[in-house]
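Accompanying notes for the structure given below.
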Amino acid sequence: MATGMTCGYGGTYIVNDCALWVNKGEIAVIVGPNGAGKSTAMKAVFGMLNLCSGSVVFNGDDITHLAPQERVRIGMGFVPQNRNVFVSLSVEENLEMGAFISDSNVSTLKEQVFELFPILAEKRNQLAGNLSGGQRQQVAVARALMTQPRLLMLDEPTAGVSPIVMDELFDRIVEIALTGVAVIMVEQNARQALEIADQGFVLVQGSNRFIDSGKLLLANEEVRRSFLGG
Amino acid sequence: MEIANAFALLTNFVIIPSITYGAQLSLSALGVTIVFGILRFANFSHGELMSFGAMVTILITSLFQTKGINIFPIPTALLALPIGIIATIAIALLADQLIFRFYRKNRSKPIIFTMASLGLMFFMAGLIRIIIGPNEYSFADGARFLISFRDFKAITGWDQGIAIKQTQLITLVVTLIVVINLLWFIYKTRWGKAMRAYSDNEDLALLSGINPERVVLLAWIIAGALACVAGTLYSLDKIYKPFIFTQITLPVFAATIIGGIGQPIGAVLGGFVVAFSEVAVTYSFKKFLTYLAPTNWEPQGLVQLISTDYKYAVSYIILIVVLLLRPTGIIPGKTT
């Protein structure tokens, strides 16, 4: 989907000739050491920073020069790492805002999302800012799902949540992919993330170091030694 | 009897004026807080926006009066108000297109917006003086009192009376209608929620497909309408004088900050807090205490905390106390 991306901030290239792709209904995971440009690569795919070279193709269309808001409209959902919920809005209002551009029936969409995240249905009238970290992440993912994306992009969805919550979030992400949505995510918890990944990308200094299925990367001796801690 | 008189005195000179003034401040503070919530800057030109709205309403009112159009016993100004609102919204949007949009595109810092609004304030103050001059205008017609001082005394037989001016009731009724509708809009409708979402987290609002220019447009429409209503009610109840609106900016900002910047309900509360403090602190309690105190214990002085000349100092003091003790305001607001 994205090929030969080179980009960066203020003259220095953080991402160098990097390629990422994911198919419908599959999960792609980007892992790598700190400062490898994982989040930057993700932002580049979403158009939050301009590419110096390379292109982004979505559903067969070249969208390299499309603004992020436009990308939301054509079916790309993005969950940022920080500040990813409206803290002063209730959980339900967060979801409604996700469906802001959608013409379809918001309440049925909402019920579908609540089915996926039952805890949010319970807390629908609470302010998102008063929820725990894990629940907030669920709200963030749920909000992005309300845009009915064909590609869901998650920037470290499990940052700062407990291992139990992390497992649960990963379960939900697998369920989302099973409905036919393509998922691409950046993860710090590389081992667990690769276990659910159809496709894994190991980034080092902004370039692809290894590209393989999640299972094969987990089995790869060098990947395990260098990036998964043995 | 004595207690009844004391009560009547206090109601007439402190409670009713405070509620009326508080309602006017609340409407003004709501406008400031909404512009702050969406555009993230302290809009110093809001006072002049109020003045502009009141001015247009006055001009239209006198036009109606010469044409003999009226809605007696209700003041003609209320008939002219919608036109005033439209004119105020128009000038607010024009100012946004000509001035603030430029800084928005450049992603300027809030302080630059604030300074630009200060410039706009001076420009509008000049414009208003060119159009209507620096003099006072009293334009309240229709029935003056709902209950006059004398009638009240005749009915109750008390020494003190409670007078309710028609403009005071109009202020309250209009404020109530405006605030309820505004809160309904902000908390219940799709675009109201979008405004809150945008105010909360601009980037995420963009990711949700909310059009920022639409939100800004709405914010100015609301702020313009609120400014015109507040300015008109204030001058209808008291008097219209361009200079007052430069001064009133201070209590309005105090009310906004006390309530918690960017918090609509806070702005309403803040307006009443400032109004009650201002009136209560500058009121002479001598007569009130004379009624309550045992014979020969009457206070000698005026029992007035500070002179009315210093009423704007009250806003300053409350502002400083709030910033020291509870910098976020009554309802925690925004900090940037």
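Does region B:225-319 come out rounded, prolate or oblate by the C-alpha gyration tensor, with a ≥ b ≥ c the root eigenvalues, rounded set by a/c under 1.5 and, if not, prolate when a/b is larger than b/c and oblate if not?
On the way: a/c = 2.53, a/b = 1.93, b/c = 1.31.
Note, shape of region B:225-319 comes out prolate.
Fewest-first ordering of A:Glu195, A:Glu168 by other beta carbons within 10 Å of each residue's beta carbon gives A:Glu195, A:Glu168.
Remark: C-alpha extents of the protein assembly as shown on the principal axes read 98, 53, 43 Å, sorted largest to smallest.
Counting only trypsin sites (Lys or Arg not before Pro) that DSSP places in a loop and that have at most 13 other Cβ atoms within 10 Å, the longest clean stretch of chain A runs over A:84-230.
Considering region B:5-118, its Cα convex hull presents a mean projected area of 9.8 nm².
Across the options B:Gly47, A:Leu154, B:Ala267, the greatest Cα extent toward the positive end of the charge dipole of the protein assembly as shown (unit charges at beta carbon of Lys, Arg, Asp, Glu) belongs to B:Gly47. Of the residues A:Thr147, A:Thr108, A:Thr179, the one that moves most in a GNM of chain A with alpha-carbon contacts below 10 Å is A:Thr108.
So if I take the centroid of the Cα atoms in region B:95-166 and the same for region A:106-136, what is the distance between those two points in Å? The distance from the Cα centre of region B:95-166 to that of region A:106-136 comes to 44 Å.
In terms of overall dimensions, region B:60-159 has a Cα radius of gyration and Dmax of 21.1, 67 angstrom. In the structure shown, do any of A:Lys123/B:Lys188; B:Lys105/B:Lys241; A:Lys110/B:Lys105; B:Lys67/B:Lys238 have a Cα-Cα gap over 27 Å, and if so which? Flagged as over cut-off: B:Lys105/B:Lys241; A:Lys110/B:Lys105.
Rg to Rh ratio, region A:96-230, alpha-carbon atoms and Kirkwood radius? We get a ratio of 1.02 for region A:96-230. Residue order for B:Phe276, A:Phe86, A:Phe201, B:Phe288, fewest other beta carbons within 10 angstrom first, comes to B:Phe276, B:Phe288, A:Phe201, A:Phe86.
Determine the sum of side-chain charges near A:Arg209: Lys and Arg each +1, Asp and Glu each -1, restricted to other residues whose C-beta is under 15 angstrom from that of A:Arg209.
Details: positive: A:Lys38, A:Arg224, A:Arg225; negative: A:Asp17, A:Asp212, A:Glu221, A:Glu222.
Taking every Cβ under 15 Å from that of A:Arg209, the sum is -1.
Remark: B:Val179, B:Val273 ranked as B:Val179, B:Val273, counting other beta-carbon atoms within 10 Å and listing the fewest first. Counting only lysines at least 8 places from A:Lys38 when in the same chain, those with an alpha carbon closer than 25 Å to its own are A:Lys24, A:Lys215. Straight-distance candidates among the aspartates and glutamates for linking to B:Lys165, with alpha-carbon spacing under 18 Å and chain neighbours fewer than 8 residues away dropped: B:Asp141, B:Asp151, B:Asp237. For region B:2-325, dividing the convex hull volume of the Cα atoms by the residue count gives 151 Å³ per residue. Projecting the Cα atoms of A:Asn16, A:Phe86, A:Val113 onto the charge dipole of region A:1-133, computed from C-beta unit charges around the Cα centre, puts A:Asn16 farthest toward the positive end. Here chain A was treated as a single set of alpha-carbon atoms; its pair distances binned every 5 Å from 0 give 1, 7, 15, 18, 20, 16, 12, 7, 3, 0 percent. Exposed loop sites are taken as trypsin sites (Lys or Arg not before Pro) in a DSSP loop (any state but H, G, I, E or B) with at most 13 other beta carbon atoms within 10 Å; the longest stretch of chain B without one runs B:145-336. For chain A, the longest principal axis of the alpha carbon atoms and the long axis of helix A:133-145 meet at an angle near 90°. Cross-link partners of B:Lys311 among aspartates and glutamates, defined as those whose alpha carbon lies under 16 angstrom from its own and excluding same-chain residues fewer than eight positions apart: B:Glu278.
Quick one: work out Rg over Rh on the C-alpha atoms of region B:146-289, Rh as Kirkwood radius. Rg divided by Rh gives 1.09. A straight chain from B:Trp297 to B:Asn181 at 0.36 nm per residue would run longer than the Cα-Cα distance by 36.8 nm.
Taking the Cα centre of the protein assembly as shown as origin and assigning +1 to Lys and Arg Cβ atoms and -1 to Asp and Glu Cβ atoms, the resulting dipole is close to 1260 debye. Residues whose amide H lies under 5 Å from that of A:Leu203, counting only those 5 or more places away or on a different chain, are A:Val31, A:Gly32, A:Arg209; hydrogens are built 1.01 Å from N in the peptide plane. Put the Cα centre of region B:202-224 next to the Cα centre of region A:208-230 and the gap is 45 Å.
Given springs between every Cα pair under 10 Å in a Gaussian network model of chain B, which of B:Ile86, B:Ile180, B:Ile74 has the largest fluctuation? Of B:Ile86, B:Ile180, B:Ile74, the most mobile in the Gaussian network model is B:Ile180. Taking chain B as a Gaussian network of alpha-carbon nodes connected by springs under 10 Å, the highest mean-square fluctuation of the residues B:Ser28, B:Ser138, B:Ser277 belongs to B:Ser138.
Taken together, the values in this text are just the output of simple stated rules run on the coordinates, not laboratory data. Note that the coordinates shown come from a computational prediction; the quantities given were computed from them, not determined experimentally. Methodologically, a virtual Cβ is constructed for each residue, glycine included, from the backbone with ideal geometry; neighbour enumeration extends over all protein chains shown.
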